Amino acid sequence: NTNVYKYYSDGAWNISSSGKSVPIINPTTRKTQYKVQACTQEEVNKVMESSKVAQKLWAKTPLWKRAEMLHKAAAILKEHKAPIAECLVKEIAKPAKDAVTEVVRSGDLVSYCGEEGVRILGEGKFLTSDSFPGNERSKYCLVSKVPLGVVLAIPPFNYPVNLAVSKIAPALIAGNSLVLKPPTQGAVAALHMVHCFHLAGFPKGLISCITGKGSEIGDFLTMHPGVNCISFTGGDTGIAISKKAGMVPLQMELGGKDACIVLEDADLDLVAANIIKGGFSYSGQRCTAVKVVLVMDSVADALVEKVNAKVSKLTVGPPEDNCDITPVVSESSANFIEGLVMDAKQKGATFCQEYKRDGNLIWPLLLDNVKPEMRIAWEEPFGPVLPVIRINTVEQGIHHCNASNFGLQGCVFTRDINKAILIGDAMETGTVQINSAPARGPDHFPFQGLKDSGIGSQGVTNSILMMTKIKSTVINLP
Ligand code: G3H
C-alpha cells in the first residue's frame, strides 16, 4: 500500500486501515496513473469527530487571522501550480495550459474569499422593537452571522481543484471546518491542493480529505449526523443526495443543458467564436458548456458554415500537447456520448463532420437539423458533440430552453438589447448571458441553477453567506 497516495485527517497524512486502494485511470493512456486510499466508514467517523473539535476553536479565531491564513494558502497554491496542473493533465486529461489556469484561478478565489469574508462577516445588523406595531423601544436586536459547523464538500472531476476551493475557502472564512471528498478522477490534484492548506498552517482537523469508493463511503458521508452542510457539484448523484441528506443546508450544482439562442440580427462571427469556446472547451465537459444551439432558420446555414470552419481548426490529441480536444474522462463517458450520437444518426441528424473515436478521444462534432425526438436535444453529452436545432420563431427557442429539466445558464445573441433582455427574462435559467457563451466566472458572480440544475446560489459572496446562519441576541431593556 506504500505507493498509494495518503488521505489527510487530523493534520496528518494517513494510510487507510482497509489496506485497499482505488485506482485512477489516466483518460489518455487508459492505464492506472495513481492510486488513493480506500477509506473506511470508521475513518470517516474519526474525521467527523476531529472536524467538530477543530471547528469550535476555529470559530473563535479572529476573522482577520482566518483571512490571513487563506491569503497564505492562496500564495502557496499558486507556487504549486505546476505539479498540481500535471496531476490534472494525467487524471482528467485537462489541456496543460487550462490546468495551470485552473490552479491560478483557484488561488485568486481563495484570496478573494479572505477579502470578501472580512467585509461581509465583519458587520451585522441592529434592529429596534418600536418599528413593529404595538411595541415600545424596549428591545434591541443584534444580528450576526455564525458558522454552520462541519461543511462537507464534494466537487466534480472537471474542476477537482477549483470547485473544491470554491467550497473550502468560503467555509473556512466563515468559521466552519471542512471535510473534502474529492472525485476519484482528480483526487491526487485535490490532495496536492489540500497539502497547500496544510503548509499554510491551518489547525489540525480543520480540513480533512477523505478518499475512497462512493459505494463504500458516499452515502455514509452525506448522511453522517456530524455533517452540518453539504456543498456538492456534479451530476445526478446530487439529486439522490438531496433526498437522503438530513435537515442541513444544501448547495447543489448539477448539470445543465445550456441553450444558445441566435437571432437573425446576431453578429455571426461572434456567435461562432462563442459556440466554439462554449461548446468545445475542455471537450464540452463543463456544466456551463453550450449544449444546444437554437438558431433562426434564415441565418442557420451561414452560422453552421462559420462554426464548421472553426471546428476544422480544433486540434485533437493528448492534453500534454495542449490540444483543444482531449480524451473524455472515462470509457463509460465516451460510450454514453457515442450512444447519443448514434441515436441522432438513426433519427436523421445531419453530421457536419465524420464521427470519429479512438479510445476515450472523440473528435469534435456538430450535429445539424437535430429534432426534439432525438436524445441529444435534451440530454447533456458532456463531450465534444454539439446539436443545432433550427427554429422559425424566437418563441420556439425559448420553449425548447424552458422544456428542459435543467435550468443552469443560457445565452442569447442579438444586436437588439431590448429583445435580448426580454428573451433573457423569459428563459428559465439561473443566469442568462447576452452576447457571450455561458460561464460561471468571474468567481464572485452569483452562480445558480433552477430545476434539476441545483439548489442555492454560489459565487464567493453567496457561498460565504450560505455557509453561515443568522444568530440574534435580543437585549431587553428594563
Ligand atoms: O462544470 C461546471 C463549472 O461550474 C463550470 O465552470 O463555467 O468556469 O467552466 P466554468
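Bear in mind that the values in this text are calculations on the coordinates, not laboratory data. Everything quoted here is computed from the prediction, not taken from an experiment. Cβ sites come from the backbone with ideal geometry, for glycine too, and all protein chains shown count toward neighbours.
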| Ranking of Asp443, Asp236 by count of other Cβ atoms within 10 Å, fewest first | Asp236, Asp443
| What percent does the relative contact order of the chain come to when contacts are Cα pairs within less than 8 Å and at least six residues apart? | 18
| task | Report the relative contact order of the range 292-423, percent, no decimals, based on alpha-carbon pairs under 8 angstrom and at least 6 residues apart. | result | 26
| query | Most exposed first by the Cβ proxy, i.e. fewest other Cβ within 10 Å, how do Leu340, Leu408 rank? | reply | Leu340, Leu408
| note | Filtering GluC sites (Glu not before Pro) in the range 100-197 by DSSP loop and by at most 13 other Cβ atoms within 10 Å leaves Glu123, Glu136
| note | Taking the alpha-carbon centre of each part, the distance from the range 32-83 to the range 263-311 in Å is 41
| DSSP beta bridges in the chain [antiparallel fraction, %, rounded to 5] | 45
| query | With charges set only on the Cβ (+1 for Lys and Arg, -1 for Asp and Glu), what does the dipole of the chain come to about its Cα centre, in debye to the nearest 20? | reply | 1620
| note | Taking Cα atoms only, helix 331-346 is inclined relative to the longest principal axis of the chain by an angle, in degrees rounded to 10, of 40
| request: Report the charge-dipole magnitude of the range 23-109 in Debye, nearest 20, computed about the Cα centre from +1 at each Lys and Arg Cβ and -1 at each Asp and Glu Cβ. | output: 100
| said: With the cut-off at 1.5 for a/c, could you classify the chain from its C-alpha gyration tensor as rounded, prolate or oblate? | reply: oblate
| query | So which of Lys6/Lys204; Lys125/Lys469; Lys345/Lys371; Lys20/Lys243; Lys94/Lys371 end up more than 23 Å apart by C-alpha? | reply | Lys20/Lys243; Lys94/Lys371
| Rounded, prolate or oblate: which fits the range 139-251, taking a ≥ b ≥ c as square roots of the Cα gyration tensor eigenvalues, rounded meaning a/c under 1.5, else prolate when a/b beats b/c? | oblate
| message | List the residues, sorted by chain then number, that are 5 or more residues from Gln458 or on another chain and whose placed amide H is less than 5 Å from its amide H. | response | Phe447, Gln448
| field | 222 nm mean residue ellipticity, helices alone, for the chain (DSSP H n ≥ 4; -39,500 (n - 2.57); rounded to 500) | value | -12000 deg cm²/dmol
| remark: Per the charge dipole of the range 1-146 (beta-carbon charges, Lys/Arg positive, Asp/Glu negative, Cα centre), the residue among Val103, Ser21, Ala67 reaching farthest to the positive end is Ser21
| query | Sorting Val474, Val100 on the 10 Å Cβ count, fewest up front, what's the list? | reply | Val474, Val100
